[in-house]
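In what follows, a structure is listed as structure tokens, so that the remarks can point back to it.
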Amino acid sequence: SGPIGQLEAEFLAFLDHGVRYAVTFNSGTSALLAAYFALGVREGVEAAGPALTYHAALSPVFALRGDVVLVDIDPVSRGLDPKALEAAITENTRVVTVVHQWGHPCDMDAILGVAERYGLRVLEDCSHAHGSRYKGKPVGTFGDAAVFSLQANKAVYAGEGGILVTDDALVQDRATLLATTGTVPGLGHRR
């Protein structure tokens, strides 16, 4: 299936086969847009994410007409604070984005607990955490979807690019739809 298929297969192996599907994109930001789309972000839906992060971790939510709720970080991990996350959840919150800052994993046990209690989908932004592990398990294998950037200043790079990984066949199908058509249903053509 060519070099792209080989890259996707090798990346899944790199994640210790903790997820079944990988979809490549022209950038990590494009992969994030596809992830938000695949997880159901649309008008009237909130995505909660860390107040300390690069804008691209959350800005694709706006392209889908969703809303972003900024959440305080834990001063030690620099990742999302689980207690602050729980306090920020509203009736419109559907997705929580964790960013594993500079290779430091978030407290995934606590965050997944909050997500389960409130029925939230979890998106892991692993753009600076290639190879990082939480309790021995690779980051990017905990949530409903994860994105790794391959931009030139990342730990693992290809000049540009991004990879979305997931264990959910529907998320993979929806992300692939966006990757292959460049169209967000309901919003028209995207370039």
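The values are calculated or read from the model by the stated rules, or taken from the named source; none is laboratory data. The model shown is predicted, which means the values in this text are computed figures rather than measured ones. Positions of Cβ are backbone-derived with ideal geometry, glycine not excepted, and every protein chain shown enters the neighbour counts. Note: areas computed on protein heavy atoms with side chains; ligands, DNA, RNA excluded. Shrake-Rupley method; radii C 1.70, N 1.55, O 1.52, S 1.80 Å.
Remarks
- Exclusive hit being out of contact with any helix residue (DSSP H, G or I) (no Cβ under 9 Å at 6 or more places or on another chain) and among the charged types (D, E, K, R), set R78, R65: R65
- Criterion (part of a strand (DSSP E or B) and within 22 Å of G113 (Cβ to Cβ)) met by exactly one of V76, V69: V69
- Any hit, segment 40-62, residues being touching a residue at least 24 places away in the same chain (Cβ under 8 Å), open to solvent by 60 Å² or more (accessible area, probe 1.4 Å) and not in a loop (DSSP other than H, G, I, E, B): no
- Boolean, D107 is out of contact with any Phe, Trp or Tyr (no Cβ under 8 Å at 6 or more places or on another chain), within 19 Å of V23 (Cα to Cα) and at pLDDT 95 or above: no
- Here A88 does not fit the description of being at pLDDT 95 or above, of a type in the set (A, V, I, L, M, F, W, C) and under 15 Å from G28 (Cβ atoms).
- Condition met for F14 (under 23 Å from L170 (Cα atoms) and under 12 Å from the mean Cα position of the chain (by Cα)): no
- For segment 72-118, the candidate set comprises residues that are among the basic types (K, R) and over 17 Å from A145 (Cα atoms); within that set, the residue that is most open to solvent (accessible area, probe 1.4 Å) is K83.
- Single residue of R121, R20 found to be in contact (Cβ under 8 Å) with a residue 60 or more places away in the chain, under 12 Å from the mean Cα position of the chain (by Cα) and open to solvent by 60 Å² or more (accessible area, probe 1.4 Å): R121
- Residues within segment 51-71 that are more than 20 Å from A146 (Cβ to Cβ) and touching a Leu at 6+ places or on another chain (Cβ under 7 Å), tallied: 1
- For beta carbons closer than 7 Å, sequence separation of 6+ or different chains, a first residue in segment 172-185 that is part of a strand (DSSP E or B) and a second that is at pLDDT 90 or above and surrounded by 15 or more Cβ atoms within 10 Å (Cβ to Cβ), the qualifying pairs are V184/F37; V184/L64.
- Test: F148 is aromatic (F, W, Y) and modelled with pLDDT under 95: yes
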